[in-house]
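What follows draws every value from the coordinates through simple rules; no lab data is involved. Because the structure is a prediction, the values reported are computed rather than measured. Positions of Cβ are generated from backbone atoms using ideal geometry, with glycine treated the same way; all protein chains shown enter the neighbour counts.
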Amino acid sequence: MHMPTDEDLNSEMIVSGSIYPDQESDIAVEVRRGMVILAMDGEEAGRVAAIIVDKHDQAVTHIVLSRLSQNPEYRLVPISIIEQVVEEKVQLRIFNQVVNSLPTWHGS
């Protein structure tokens, strides 16, 4: 799986984008900066900081999860682990402790 980096000229960050969380459906849902991200256990994992899209086809590849505390932390969330987007919340297919193993985002 491709993980975007600062030097990656094939992707860009945007504030909102459409994803297709149900692979059997062609219904798109919008994900926007500031939306709450919930883990599979219902715990808040963080908030959407940005959406990463492929520059060539404008497809959303990842969302950037932010955890704002004394030491802000950003994680890359592949679109493939998003279960659904309902009522301004992004529901993941992983537990909160697995979120800690997602790649850290050091981009700009």
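Please list the non-local residues whose amide H lies under 5 Å from the amide H of residue 45, H modeled 1.01 Å from N, same-chain partners needing a gap of 5 or more.
The list, which skips near neighbours in sequence, is 37, 38, 39.
In nm, give the distance between the simple-model label positions of residue 40 and residue 98, each being 7 Å from the Cα along the Cα-to-Cβ direction.
Distance between label points: 0.4 nm.
Under a plain spin-label model, where a point goes 7 Å from the Cα along Cα-to-Cβ, how far apart in nm are residue 24 and residue 54?
2.4
Could you work out how much longer the chain between residue 33 and residue 87 gets when fully extended? Use 0.36 nm per residue separation minus the Cα distance between them, nm to one decimal.
On the way: separation 54, 0.36 × 54 = 19.44 nm, distance 1.41 nm.
Extra length available between residue 33 and residue 87 comes to 18.0 nm.
Taking the chain as a Gaussian network, Cα atoms linked when under 10 Å apart, which of 38, 68, 76 shows the biggest mean-square fluctuation?
So, out of 38, 68, 76, the one fluctuating most is 68.
Can you list residues from other chains, or at least 5 along the same chain, whose modelled amide H is less than 5 Å from the amide H of residue 61?
Correct list: 52, 53, 54.
Can you compute the radius of gyration and Dmax for the chain, using only the Cα atoms, both in Å?
For the chain, the Cα-based Rg and Dmax read 12.9, 41 Å.
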